[in-house]
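Student: Can you read through this structure? Questions will come right after.
The values are calculated or read from the model by the stated rules, or taken from the named source; none is laboratory data. Quick caveat, the model's predicted, so the values are computed rather than measured. Heads up, the Cβs are rebuilt from the backbone with ideal geometry, glycines too, and the neighbour counts pull from every protein chain shown. Calculation scope for accessible area: heavy atoms of the full protein, side chains included, ligands and nucleic acids excluded. Shrake-Rupley method; radii C 1.70, N 1.55, O 1.52, S 1.80 Å.
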Amino acid sequence: MTNMKLAERLLKIWQPGDFKQIFEKFSNKKEFMVKKGTVLFNEGQPLDRIFFIKSGFVKLYRLSEEGRESIIYLYGAGQILGIRALTSEDECARHFAEAITDLEVVSITRGEYLEAVAENPEYLLDLLHVFIDRLNYTEKKLTGFILTDTVARVAFFLSDCATRFGISKKDTVELPIELTHQRIAEFVGSFRETVTLAVQKLEQMGIINIKKSKVAILDLKKLHKLAGL
């Protein structure tokens, strides 16, 4: 039976995993709420569990010696946190993880997850997808930092958010997270004033519209093209 499940999963290897199903089946704890601004874990902290986000958003970041944040990734509903600790020898977190909205989360211990994988090896492919997605994102983001200007970097960030979290409404795609110019600047590694100019240019081109931190993508194809995707 196990080999059959693995064979079936391999036939659909390109599809991302359904972590909701895994956590609901193997977690011994109910979902819990996390308030906006809460740090789920710190860099270097021993981490004996991983988290599944049912709703809300989390930023993953590191701090420089001067205390400046370097945001690595944005997590949202359907994604898991803590896999670096899951797969590292010292079982320590490699980043800070902070809720930037209220969250609904389910957790599972490292032992419970490894037991689930041992019984269901097809789950390894789900884990593989997480690493592949992060690798692809990091490569594209690095290329953007080296080869493109702030407009393209903002376009890449918004394009990625639209692809992963966007809600289609008629001729637009709305992002379910409030994004101020300052927050966008933090994610793209630029100054707020520079990002404001970039956002204004995207609005003038008819690609996006931002009102009270609510982002609507008016032309996703143009946004993808400008982002180099």
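Student: Where in the stretch 192-214 is the amide nitrogen less than 15 Å from a point lying 7 Å along the Cα-to-Cβ axis of K170?
Tutor: 209
Student: D18 to E66: FRET efficiency via 1/(1 + (r/R0)^6), r the Cβ-Cβ distance, R0 45 Å, to the nearest 0.05?
Tutor: 0.65
Student: Still on this structure, I have one more. Just the C-alpha atoms of the chain: what Rg/Rh do they give, with Rh taken as the Kirkwood radius?
Tutor: Ratio of gyration radius to Kirkwood radius: 0.99.
Student: Can you check what the net charge comes to around E119, using other residues whose Cβ is under 12 Å from the Cβ of E119 (Lys, Arg +1; Asp, Glu -1)?
Tutor: The answer is -1.
Student: Can you tell me which of K201, K30, K12 moves the most in a GNM of the chain? Springs connect C-alpha atoms under 10 Å apart.
Tutor: Looking only at K201, K30, K12, the biggest GNM fluctuation is shown by K12.
Student: What accessible area, in Å² to the nearest ten, does a 1.4 Å probe give for Y75?
Tutor: Rounded to the nearest 10, the figure is 10 Å².
Student: Go ahead and set up a Gaussian network model of the chain, Cα springs under 10 Å, then flag whichever of E112, E31, E66 fluctuates most.
Tutor: Highest fluctuation among the options: E66.
Student: Once you've got the Cα coordinates, tell me which of K5/K29; K169/K221; K30/K212; K59/K212 are over 24 Å apart.
Tutor: K5/K29; K30/K212
Student: Percent of accessible area on the chain owned by carbon and sulfur, 1.4 Å probe?
Tutor: Here it works out to 54 percent.
Student: Taking the Cα centre of the chain as origin and charging only Cβ (+1 Lys, Arg; -1 Asp, Glu), how large is the dipole, in debye to the nearest 20?
Tutor: In total the dipole reaches around 820 debye.
Student: Place the peptides 81-89, 168-176 in order of packing, highest mean first, counting for every residue the other Cβ atoms within 10 Å and averaging per peptide.
Tutor: Result, highest mean Cβ count within 10 Å first: 81-89, 168-176.
Student: Let me ask another. Using only alpha carbon pairs under 8 Å that are at least six residues apart, calculate the relative contact order of the stretch 166-229 and give it in whole percent.
Tutor: That works out to 34 percent.
Student: Still on this structure, I have one more. How high is the relative contact order of the stretch 1-104, given as a whole-number percent (alpha carbon pairs under 8 Å, six or more residues apart)?
Tutor: Relative contact order, the stretch 1-104: 37 percent.
Student: Across the stretch 160-165, in residue order, what do the Karplus-derived ³J(HN,Hα) couplings come to in whole Hz, using 6.51 cos²θ - 1.76 cosθ + 1.60 with θ = phi - 60° and x for Gly and Pro?
Tutor: 5, 4, 5, 5, 8, 10
Student: Give the accessible surface of the chain per residue, rounded to a whole number of Å², with probe radius 1.4 Å and ligands, DNA and RNA excluded.
Tutor: That works out to 56 Å² per residue.
Student: Between the stretch 20-65 and the stretch 96-158, what is the C-alpha centre distance in whole Å?
Tutor: With the stretch 20-65 and the stretch 96-158 each reduced to a Cα centre, they are spaced 13 Å.
Student: Which whole-number percent is the relative contact order of the chain (Cα, under 8 Å, 6+ apart)?
Tutor: 20 percent
Student: Along the principal axes of its C-alpha atoms, what lengths does the stretch 1-65 span, in descending order and rounded to whole Å?
Tutor: 49, 30, 23
Student: Counting residues in the stretch 80-147 as N, plug N into 2.2 N^0.38 Å and put the Cα Rg over that result.
Tutor: Dividing the Cα radius of gyration by 2.2 N^0.38 Å gives 1.34.
Student: Could you name the aspartates and glutamates in cross-link range of K35, using Cα to Cα under 19 Å and dropping any fewer than eight places away on the same chain?
Tutor: Output for K35: E98, D102, E104, E178.
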